[in-house]
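Here's the structure we're looking at; comments come further down.
The values are calculated or read from the model by the stated rules, or taken from the named source; none is laboratory data. These numbers come from a predicted model, not from an experiment. Cβ placement follows ideal geometry from the backbone for every residue including glycine, while neighbour counts extend to all protein chains displayed. Side chains included, ligands, DNA and RNA excluded: accessible areas come from the protein's heavy atoms. Shrake-Rupley method; radii C 1.70, N 1.55, O 1.52, S 1.80 Å.
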Amino acid sequence: MFFPSSYPWTENETLGEHLERRGVSRRAFLKYCGELAVVLGVSQALTPQIAEALQKVRRPSVIWLQLQECTGCVESTLRTSDPTIGDLLLDLISLDFNDTLMAAAGDAAEGAMQTAMKENAGKYILIVTGSVPLAADGMYLTMGGRRGRDVLEEAAANAGAVLAVGACAHFGSVQSAKPNPTGAVGVADIVKDKPVVTIAGCPPIADTITATVVHYLTFNRLPETDGEGRPLFAYGKRIHDQCSRRAHFDAGQYVEAFDDEGARNGWCLYEMGCKGPETFSPCPIFQWNSHTSWPIGSGHPCLGCTERNFWDTMTPFYNRLPAVAGFGVERNADHIGLALAGAAVAGVAAHAIATGIHRSKEGHTPHEPAVDLPVVETPAEKSKEERHD
Amino acid sequence: MTKVVVDPITRIEGHLRIEVEADGGRIKNAWASSTQFRGIEIILEGRDPRDAWAFTQRICGVCTTVHALASCRAVEDALGIDVPPAGGLIRTLVHGMQTVQDHVIHFYHLHALDWVDVVSALKADPGATANLAASLSPWPNNSKTYFTEVQNRLKSFVDSGQLGIFANGYWGHPAYKLPPEANLMAVAHYLEALDWQRDVIRLHTIFAGKNPHPNFLVGGMASAINLDGTATINAESLSKIRDMITRARLFVEQVYWPDLLAVASFYKDWAKIGGGVPNYLAVGEYPENGNWRDAESMYLPSGVIFDNDLSTVVPYDQEKVKEYINASWYDYKEGDKVALHPSVGETIPHYTGPEPPWTYLQGEEKYTWMKAPRYDDKPMEVGPLARMLVAYASGHADTKEVVGEALGRLQVGPAALFSTLGRTAARGAETLLLARRLETWYDALVTRIKSGDTATFSQKRWSPDTWPASAEGYGFLGAARGALGHWVKIQDGKIVHYQCVVPSTWNCSPRDVHGATGPYEAALMDNHPLADPKRPLEILRTIHSFDPCMACGVHVLDAQGREVTQVRVKG
C-alpha cells in the first residue's frame, strides 16, 4: 500500500487472508471484483476467476522512479478517489521507493531502494515517471550524483514488470517537443529487454495506473496493449467515439467561439481545435477526480495528451484538426479517426508478436511501427466512412 | 570539518542536492544544487502564444496552475487582452484553492515527517490524544475511538515489516520533540488530509476539466456559465463548489492551523534557526475583481523588504530583476560576470561539473542548473513568509490578526518570523487567510452571475489577425511558493522569446558574483545545528520549510541559446 490508510497487508499473507483479517465480507469482495471486471473491460462472467486469482496474490514491492518530469503523475495518483478502487488498490502494493512521499532522504533513501531491489529481485513492479535526457552525455539529470539513465537501467534490470506512467515516460513529453534540447526519450527507448506498459496521458488518470497494477496481479501478466504499449482496456477507443458531446458533432452543432451560444449549450468543440477524434483515452468514461468532470466536459478542447509527440503533432492546440501538422489533406474527423483506429489495431497485432518475441527472450519494442500488418476496419467505422463520403 | 551530502532531498518536487560542511554540531557552509534541466523556453519559440500556458504548465505538476496563469497573463499583457470579470474571478478561485490545497499537502505530506515521529505515535494513549485534540479544536473526529483505530492501523503497518514510504526515516532522532500523543494526532491528520486534498481540488475539475494540469485559456476561461445548461457551470456545479470551499475552510481552521500551532510550540528553538537572507519580495496576488492589472484589487499586497526591516516596504519594480550565472552551468555571451534582465535573458546550458558519479560538488566554481536571480542586486527570499512579512509590514488587517494570533500563542515577537519555524508558520497563516477568503471570491462571482454578467472569455483579440506585428508582455503571479514572472515576446503571431523567473530559482539560487549565497544556502548557515551527520534531519527541516519545487526552478533558453553545447567534463 501507499499509505497506512487501511489495514496493511503483511508480507506473508495472501490477499484472501488479509481481507478476511480486516473483516471484508466475501460478498463485498466479489462486488469489488465485478466492478474491476468492468474497468478492465472483461466479461462479468470472469468475476469468480478474478476473485480466485486476487485472493492468492501477495503484496508486491513497488519502486517508483521519478526522472525528468514535473511530479504531476504522482500528484494525479494522490487523487485516486474511487472508494472501491482507491482503498483496495492502494492497499495492494508496498511502495518502497518514491521520491515525493518517502520519509527518508539522501543515503537512507538510496538504501531503501537498494534493499527493495535486492529483496524483491525479479518480482518488483517498477513504475517510472519522467523521461531520460540523452544529450550532453546525460548530464541534464543526475540523482544521487549518478546519471538518470544509469539509475533507470539498474532499476529495470531486475524488475518483474515496468510501467511507464505519463507522457514523459511514454515518449519524453514536453521536454522532447521540438527541438528537444535535452534529447529526452521515453522509457521504452532505454528498457528494451522486457515489455514496457505505457499509461499514457499528461498526466494519466490515476485509476488507469491502479487498474493496470491489479491486472498484473490478477492475471499474472500485463494487459493487452496497442502499438504504443497502452492497455486496451483504457486506451482502446477514441475520445470522439465516447464523447458526451458526440451527438452535437453528428448534428453539426459546433462551438464557433469560446463562451458563444454553442459553448453555453455544451456543443461540440471540434471547431475550437478539439483533438478527441484522434486521441485514444479513457477520459470520457473514467473522467477525472472522482468522476467530477473532464476537459471537454468543462468546455475546453482535448489537447490529445495520450498520443505520442502531441506537443508537436497536435499544435497549435486551437487549430481545427485538418490544419494540424501531419494532416495536410483536408479530412473530416471520422477519416482521421479511422486511420488511427486502423493503426491501433495493427499495433495490437504488433504487440502480440512482440510479446511472443519477448517470451523467446529476444527483445521487445512496444511502439515498433507495424507497417506490414493489415488494417482491420470494424463494420461500424466502415459505415461511418461511407456515410461521410 | 565534516562534509555531508544529502542527495536526493526527498519530499519535494524534483531533484535537489544539498552539500554542507559541519563542525561541532553546526553547519559552517552550504551548497544547494539542482540536478535536472529541461529547457522548456526554447521549445516555446516559434509556437502559437495561445498554446504557451499548456507548455509552461508542465514545468510543474505540484503547483499545477501557476505557470499556466502567469503565462496567460503575460500573453494577455502583450496583446492587450482584458479578461471579463467572471472569468477573472474563476481564475482567482482556481488559484486560491490551488494554494490552499498545495500548502496543506506540503505541511502534512512533505514537511510533517521532519517534526512528527511516526513510530513514537505507537506509544500514545488514545484517550489522552483525544483530550489533547479536543483542547485544540472542535473537529468532529477527535474521539478516543478514532485515535485508537488510527493507532491500530499504524501498529499493524509497522508489524508488517514492510514500511513502504516510512522505511529508513530518522525515527527516534533526538531532535524529535513531540510527545507520543501529539505524534498520533498528526499521523491521523496526515491520513485525513489525503482524503481532503482530493475532495477540495475538484473545484479545478469543475471549472477547468481536471487536476493535475487543469485547462486554461488566453482571454478567460473555457467553462461557460449557463444556469439553465446541463453541460456548463450551472446552479448544481456552483453549489458543489460552495461546499468544497466550506470544507476547505473548516479543515484549515479546525485541523491544519491548530496542529501547526501545537507542533510549533514544541519547536520554539527553531524560531532562532534558519533565517538566512534578510530580504523578502512579494508581487501581490488574488485580484478580487478578477483584474490582475489592478494593483488595488489584490487581496495580498506587493512589496520588498530589505535587511529584516519591517518598518519599510519598498514598491516592487520588475525592471530590477536580473539573473547571474557565475555559479550555474550556463554561459552568457558577455561572459559569466554580468546579470541580465529576463526580457533580454539568455541561457546557453554548458555543463562543466565533474564526471558522475559525483562525490562532492563543493569547491566547483559552477555547481547547479539554477540561475541566481537578484533584485536590486540583492538575493531575495520569496514565498509565504515573504508575502506575510510584506502584508504584515504594510498593515494588512487580516494578516496582522492571524500572524498576531500565532505570535501571541507562541509568545514570540515578529523577529521570530525570520527563521525555519517562521517560514513554516507563515505558510499556515497564509492558508488560513486564503481559505477564509475563498468564500468572498465565490460570493463575488455569484453576484456577477446574478446581475447577468456571465461572460468568461474575451473574443476581441483571439484571432492572430487582430495582433500587432510585434508585442512584448510581462505576467506575474504570487504563486504558492513565491513570486513568479513570465516574460514573452511575440512577433508575427509566434513566440520569439520566453523567460520565466520562478520562486524556487530565487530560493535555491547559488552564489552570485559578489559571493552572496541564495536563501537555502544562507538559511543552512544561520545558527544551524546538525547533530548527526549520518542522519541530517535538521537539514530537511530547513530545506522543506521553503517547499522546494526544483522542476520549476530550472528553466530558460532563448533564441541565442538554441544550440545545446556539448558537455565538457573536467578531467
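Per residue of chain B, the DSSP helices (runs of n ≥ 4 H) give a summed -39500 (n - 2.57) that works out to -11000 deg cm²/dmol at 222 nm. Taking every alpha-carbon pair under 8 Å whose residues sit at least 6 apart, chain B reaches a relative contact order of 27 percent.
Rounded to the nearest percent, how much of the accessible area of the protein assembly as shown (1.4 Å probe, protein heavy atoms only) is carbon and sulfur? List each step's numbers first, then the result.
Details: 15450 of 30360 Å².
Here carbon and sulfur together make up 51 percent of the probe-accessible area.
Legend: residues B:SER120, A:SER244, sorted from most to least accessible area (1.4 Å probe; ligands, DNA and RNA excluded), read A:SER244, B:SER120.
Heavy-atom accessible surface of the protein assembly as shown, averaged per residue, reaches 32 Å², computed with a 1.4 Å probe.
Other residues with beta-carbon under 14 Å from the beta-carbon of B:ASP512 carry, at +1 per Lys or Arg and -1 per Asp or Glu, a net charge of +1.
Among the trypsin sites (Lys or Arg not before Pro) in the range B:383-473, those located in a DSSP loop and surrounded by at most 16 other Cβ atoms within 10 Å of their own Cβ are B:LYS460.
Output the antiparallel fraction of DSSP beta bridges having both residues in the protein assembly as shown, as a percent to the nearest 5. Taking every DSSP beta bridge within the protein assembly as shown, about 70 percent pair in antiparallel fashion.
Remark on the range A:259-304: accessible area falls by at least 40 square angstrom from chain-alone to full-complex state for A:ASP259, A:ARG264, A:TRP288, A:ASN289, A:THR292, A:PRO295, A:SER298, A:HIS300, A:LEU303, probe 1.4 angstrom.
When the accessible areas of A alone and B alone are added and the area of the pair subtracted, with a 1.4 Å probe, the result is around 7900 Å², both sides summed. Can you give the longest stretch of chain B with no exposed loop site, where a site means GluC sites (Glu not before Pro) in a DSSP loop (not H, G, I, E or B) with at most 16 other C-beta atoms within 10 Å? Between exposed loop sites, the widest span is B:1-333. For the range A:213-273, what does the alpha-carbon gyration tensor say about shape, rounded, prolate or oblate, given a ≥ b ≥ c as the root eigenvalues, a/c under 1.5 as rounded, and a/b over b/c as prolate? It is prolate, given that a/c is not under 1.5 and a/b is the larger ratio. Straight-distance candidates among the aspartates and glutamates for linking to A:LYS194, with alpha-carbon spacing under 19 Å and chain neighbours fewer than 8 residues away dropped: A:ASP150, A:GLU153, A:GLU154, A:GLU224, A:ASP226, A:GLU228, A:GLU362, A:GLU368.
Can you pull out the trypsin sites (Lys or Arg not before Pro) in the range A:208-296 that DSSP calls coil and that have at most 16 other Cβ atoms within 10 Å? Present the calculation step by step, with values, prior to reporting the outcome.
Details: sites: A:ARG221, A:LYS237, A:ARG238, A:ARG245, A:ARG246, A:ARG264, A:LYS275; in loops: A:ARG221, A:LYS237, A:ARG245, A:LYS275.
Passing both the DSSP loop test and the Cβ count: A:ARG221.
Can you flag which of B:LYS272/B:LYS400; A:LYS178/B:LYS494; B:LYS337/B:LYS489; B:LYS155/B:LYS534; B:LYS371/B:LYS494 are past 23 Å Cα-Cα? Check vs 23 Å cut-off fails for B:LYS337/B:LYS489; B:LYS155/B:LYS534; B:LYS371/B:LYS494. Counted by Cβ distance under 9 Å from B:SER470, the other residues give a net charge of -1, where Lys and Arg count +1 and Asp and Glu count -1. 3J(HN,Hα) along the range B:434-451: 6, 4, 6, 7, 3, 5, 4, 5, 4, 4, 5, 5, 5, 4, 4, 5, 4, 7 Hz, from the Karplus curve 6.51 cos²θ - 1.76 cosθ + 1.60 with θ = phi - 60°, whole Hz, x for Gly and Pro.
Local charge sum around B:LEU385 (other residues, Cβ-Cβ under 12 Å, Lys/Arg +1, Asp/Glu -1)? Write out the running numbers ahead of the final one.
Values: positive: B:ARG387, B:ARG423, B:ARG427, B:ARG481; negative: B:GLU381, B:GLU430, B:ASP547.
Charge balance in the 12 Å sphere: +1.
The residues A:LYS194, B:LYS320, sorted by heavy-atom accessible surface at 1.4 Å with ligands and nucleic acids left out, run B:LYS320, A:LYS194 from largest to smallest.
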